[in-house]
1. Only Cα pairs within less than 10 Å get springs; with that Gaussian network setup on the chain, which residue of 18, 30, 76 has the largest fluctuation?
2. Taking the chain as a Gaussian network, Cα atoms linked when under 10 Å apart, which of 52, 214, 129 shows the biggest mean-square fluctuation?
3. Taking springs between alpha-carbon atoms closer than 10 angstrom, which of 212, 184, 73 fluctuates most in the Gaussian network model of the chain?
4. Would you mind ranking 103, 180 so that the residue whose beta carbon has the fewest other beta carbons within 10 Å leads the list?
5. Under the rule of -39500 (n - 2.57) per DSSP H run of 4 or more residues, summed and divided by the residues of the chain, what mean residue ellipticity at 222 nm is obtained, to the nearest 500 deg cm²/dmol?
6. Tell me which chymotrypsin sites (Phe, Trp or Tyr not before Pro) from region 112-203 have a DSSP coil assignment and no more than 15 other beta carbons within 10 Å of their own.
7. Can you sort 205, 173 from fewest to most other Cβ atoms within 10 Å of each residue's own Cβ?
8. With only Lys, Arg, Asp and Glu charged, each at its Cβ (+1 for the first two, -1 for the last two), find how big the charge dipole of region 72-227 is about the Cα centre; round to the nearest 20 debye.
Amino acid sequence: MPLISNPEHGTVFGLAGQPAPTNAELEAVQAACGIDAKLMRHCRQCRADAVGMLGEDRGQEFTKDKLAAASGIDLQARGMYRDVVVRERADREAAAKRAGLGLAKAQDGSRRRVAVCTKGGGRINEHFGHAREFRVYDVDAGGLSFVGVRRADNYCQGGWGEDDNMEAILKALEGCQAVLVAKIGRCPKEDLAKAGIEAVDNFALAYIEEGISGWFAGLSLKTRISA
């Protein structure tokens, strides 16, 4: 995991001026260590006292007074939710298999790197302007592999700070040829294009594997036509 090296955090690393590793440095270490062990590449700093998803603190929804007033567990609703989860997992597994077959048929199987905006559920379901992190994948005719998570402040700031945040986002997306999003505005799309990154919203709400496979197939077709 990256060092907690911002000076304001007060860690030994931060106070000593030890910088955090770049994305490329982190990926190089993960690749070297991954030869003999399967690594979790989604890890990030978290808080033991927090409630909710990483980056979405919901602690105020579960204070003692609210828990005391909460009703009992609805077993029927829990069962229905579990059924939905089982169906979603089966659907995603089927989608991943279809994606793998599509990648194997690609005319140009050269490796590409692509980022995805997602809120979870294995789908491309996050607006670019709201994304605080990007899941990065390498893809070629042999399949796709998860590289890791790259974080940056979200682009949309209510009319201020967008330019500063875009600079950090472009740094986070360094090396990526495209970013798959649920939706994106004209200005950030143009900024990405200037940096050589294609913003793709054709696969909104699709499973990540199918979206990447579809983008890769289209890229492969363009390469074959231009040749």
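Values in this text are rule-based calculations from the coordinates and carry no lab data. All values reported here derive from a predicted model rather than from experimental measurement. Backbone-built Cβ (ideal geometry, glycine too); neighbour counts: all protein chains shown.
1. 76
2. Of the options given, 52 has the highest mean-square fluctuation.
3. Of 212, 184, 73, the most mobile in the Gaussian network model is 73.
4. Going from sparsest to densest Cβ surroundings: 103, 180.
5. -12500 deg cm²/dmol
6. Filter output for region 112-203: 160.
7. On the way: 205 10, 173 23.
Listed from fewest to most nearby Cβ atoms, that is 205, 173.
8. 520
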